[in-house]
Amino acid sequence: MLQTVPASAPVAAPGAAPMLAVTDLHAAYGQSEVLHGIDLTVAPGEIVAVMGRNGMGKSTLMRTLMGILPARGGTIRVDGHDVTALKSHQRVARGLAYVPQGRMIFSAMTVQENIETGLTVTGESKVPGDLYAMFPVLLEMKGRRGGNLSGGQQQQLAIARALASRPKVLLLDEPTEGIQPSIIREMGRTLKKIRDERGLSIVVSEQVLSFALDIADRVLVIENGSIVHEDLRADVDEATVARYLSV
Amino acid sequence: MFGEYSLGDLGAIFAMQGFAGLILFSVYVLMALGLAIIFGQMGVINMAHGEFMILGAYVTYLCSGFFQAHLPGIFPAYFFLAMALAFVAAGLLGMVVEWALIRHLYKRPLDTLLATWGLSLILQQAYRSIFGAREVGVELPSWMMGSVQATDTIEIPINGLFVMAITVLITLAVAGLLFASRYGKQVRAVMQNRVMAGAVGIDTGRVDRLTFGLGCGIAGVAGSAFTMIGSTGPTSGQLYIVDTFLIVVFGGAASLLGTIASAFSISQTQSTLEFFLSGSTAKVITLLAVVAILMLRPQGLFTLKVRR
């Protein structure tokens with residue numbers, strides 16, 4: 001806890017306005033507060049990994065950013081707009097997109113319909129070709145029900161569905177959970193490619209250190225609802241971060 | 001019970017009872033469709049669904065009176081307008097109810113049960129105050145009154161054919177809406193995972209309101225059809241709500257095809273047995289058959305084969 005680095009250290013080019021700016025975010029389930037004042041800024045095109053053990057608040061942070069859980073205090077800004085008081089679907093229209101833990105695709109709907117649900121805020125009616133180009137397996141399976149896909153395919157589907165809304169910030173909650181190692185590596189490549197092609201910012205919560213180091217520009221550690229450690233990718237001391245993650 | 005009839009008679013009886021059953025089937029299908037999409041999407045069991053149906057019946061009754069008195073020239077075509085108005089009236093009332101009452105109770109299913117039951121009592125009393133406790137009948141235009149003589153012994157009522165045609169049209173329209181339109185995709189997404197639907201950008205509150213309105217509107221059309229097989233009173237809707245629940249459960253929730261199949265089998269069994277036995281015995285036999293089948297197939301007739 002004592003190794004907390006001041007969260008104010010800017011990471012992007014000086015002067016660049018942050019794409020996602022979270023200040024003093026508090027969230028609670030009923031009476032018990034789970035997030036105790038999170039500060040987080042993400043620059044355009046930056047990938048930030050939020051690491052932490054189970055129950056430390058990673059998913060809660062994601063859910064609060066997405067508006068699934070209301071914030072108790074603090075502000076969330078996306079590209080300069082305050083979204084703290086908005087509902088989930090309004091936040092999507094403001095540029096947030098979410099790939100939840102467990103993927104949560106619409107299992108009784110076809111692959112294509114799943115992606116089309118993501119088009120709601122853009123007003124498009126056809127799945128853009130570049131999405132299928134990025135995930136060719138989804139094009140092959142576009143008529144199948146989402147629930148009949150494998151775990152890795154469902155993960156790709158959930159990412160494609162999120163990207164369909166043309167987000168500025170993509171939130172991924174434990175994308176590696178329940179996915180085989182070879183596919184995890186491929187997913188890392190895909191995420192970096194998405195960032196490079198679309199210039200969006202990505203916040204990913206993770207327990208797998210190797211995956212986080214593989215894709216992230218910056219690594220944060222969350223413990224008991226507070227950010228306790230922060231490093232640029234280049235400066236990460238694996239042993240220090242690993243100690244936070246060990247049970 | 002078949003002993004005293006000749007084979008030819010039996011054939012004619014089955015055919016005619018079958019057609020009589022088809023009007024009942026139409027009312028059941030329309031009622032069950034509305035109930036099933038509301039329950040499927042919001043998990044709300046609308047106890048006032050029968051009263052929305054009766055609203056449609058009263059609208060039809062008002063139209064029939066109005067056209068007879070003021071516009072007798074276009075009286076023959078009034079039924080189409082009455083159905084449309086029944087849909088709009090019941091649908092609007094549904095949307096108002098969703099906005100004022102239901103949306104505050106989404107996370108409390110038992111409370112919605114109580115609230116919609118209370119609403120049904122309020123509506124019944126409102127009908128009683130406005131239209132009186134006596135049952136009213138609707139004057140049908142003459143072209144709907146006759147019947148087609150199919151054979152010597154089999155007559156098919158024209159109004160029955162008309163109601164069935166309307167039902168088929170509405171069912172196809174609902175299926176098209178749910179499976180081919182943008183709104184339908186949103187409805188199905190909200191049905192499967194409300195939180196996630198919001199997180200991909202769907203305005204779940206708006207979808208809820210439209211769906212509740214749509215379900216109630218279809219019930220209104222069912223009420224319009226109902227005026228042909230029964231007379232309309234403040235509590236007539238109550239007789240139908242239980243049967244409609246039965247159909248939704250028997251068909252397997254969230255399956256359009258199941259709802260239709262179960263409405264068909266229940267209404268046909270009911271109608272055919274009613275000729276040979278008393279109405280209540282027929283109902284007992286129908287219910288026993290449904291209970292037995294549900295014990296063997298608790299998930300209902302039709303289910304989707306998919307990993308959850």
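Just so you know, all these numbers are worked out from the coordinates, no wet-lab data involved. Only a predicted model underlies this, so the values are computations on that prediction, with no experimental measurement involved. Note that each Cβ is placed from the backbone with ideal geometry, even for glycine, and that neighbours are counted across all protein chains shown.
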- Query: Highest mean first, what order results for B:192-201, B:13-22 on Cβ atoms within 10 Å?
  - Reply: B:192-201, B:13-22
- Task: Write down the radius of gyration of segment B:9-93 and its Dmax, each obtained from C-alpha positions, in Å.
- Result: 16.6, 48
- Message: For chain A, take every pair of Cα atoms, bin their distances at 5 Å starting from 0, and report each bin as a whole percent.
- Response: 1, 6, 14, 18, 20, 17, 12, 7, 3, 1, 0
- Query: Given the pairs B:Lys107/B:Lys283; A:Lys58/A:Lys168; A:Lys87/B:Lys107, which are separated by over 25 angstrom at their Cα positions?
  - Reply: B:Lys107/B:Lys283
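How big, on average over all directions, is the shadow cast by the Cα convex hull of segment B:188-258, in nm²?
Projected area, direction-averaged: 6.0 nm².
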- Item | Dipole axis of the protein assembly as shown (+1 Lys, Arg; -1 Asp, Glu on Cβ), positive-most option in A:Gly152, B:Leu246, B:Ser278 | A:Gly152
- Item | Cβ-placed point charges (K, R +1; D, E -1), dipole of the protein assembly as shown about Cα centre in debye, nearest 20 | 420 debye
- Could you size up the charge dipole of chain A around its Cα centre, putting +1 on the beta carbon of Lys and Arg and -1 on that of Asp and Glu, and report it in debye to the nearest 20? 740 debye
- Query: Per q in 0.19 1/Å, what log10 I(q)/I(0) does a Debye calculation on the alpha-carbon atoms of segment A:89-224 return?
  - Reply: -1.13
- With +1 on the Cβ of every Lys and Arg and -1 on the Cβ of every Asp and Glu, the dipole magnitude of chain B about its Cα centre, in debye rounded to the nearest 20, is 1520 debye
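Among A:Thr117, B:Thr153, B:Thr272, which comes first, then next, by fewest other beta-carbon atoms within 10 Å?
Lowest count first: B:Thr153, B:Thr272, A:Thr117.
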- Per-residue ellipticity at 222 nm attributable to helices in the protein assembly as shown (runs of n ≥ 4 DSSP H, -39500 (n - 2.57) apiece, nearest 500 deg cm²/dmol) works out to -17500 deg cm²/dmol
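Report the gain in length on full extension from B:Ala133 to B:Ala180: 0.36 nm times residue separation, minus Cα-Cα distance, nm rounded to one decimal. Spell out each step's value before the answer.
Values: separation 47, 0.36 × 47 = 16.92 nm, distance 4.35 nm.
Full extension of this stretch gives 12.6 nm more.
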- Item | Contact order normalised by residue count of chain B, Cα under 8 Å, 6+ apart, percent | 35 percent
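How crowded by other chains is A:79-91, given as the mean number of beta carbons from other chains within 10 Å of each beta carbon? Mind showing how you got there, number by number?
Working: counts 0, 0, 0, 0, 0, 0, 0, 0, 4, 10, 11, 3, 3.
Mean shielding by partner chains, rounded to a whole number: 2.
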- Give me a single rounded figure for B:185-197: the average over its residues of other chain Cβ atoms within 10 Å of their Cβ. 6
- Item | Contour minus Cα-Cα distance for A:Ala239 and A:Ser32 (0.36 nm per residue) | 71.3 nm
- Item | Bridge type composition, the protein assembly as shown - antiparallel percent by DSSP, nearest 5 | 60 percent
- Relative to the compact globular guide of 2.2 N^0.38 Å, what is the alpha carbon radius of gyration of the protein assembly as shown, as a ratio? 1.20
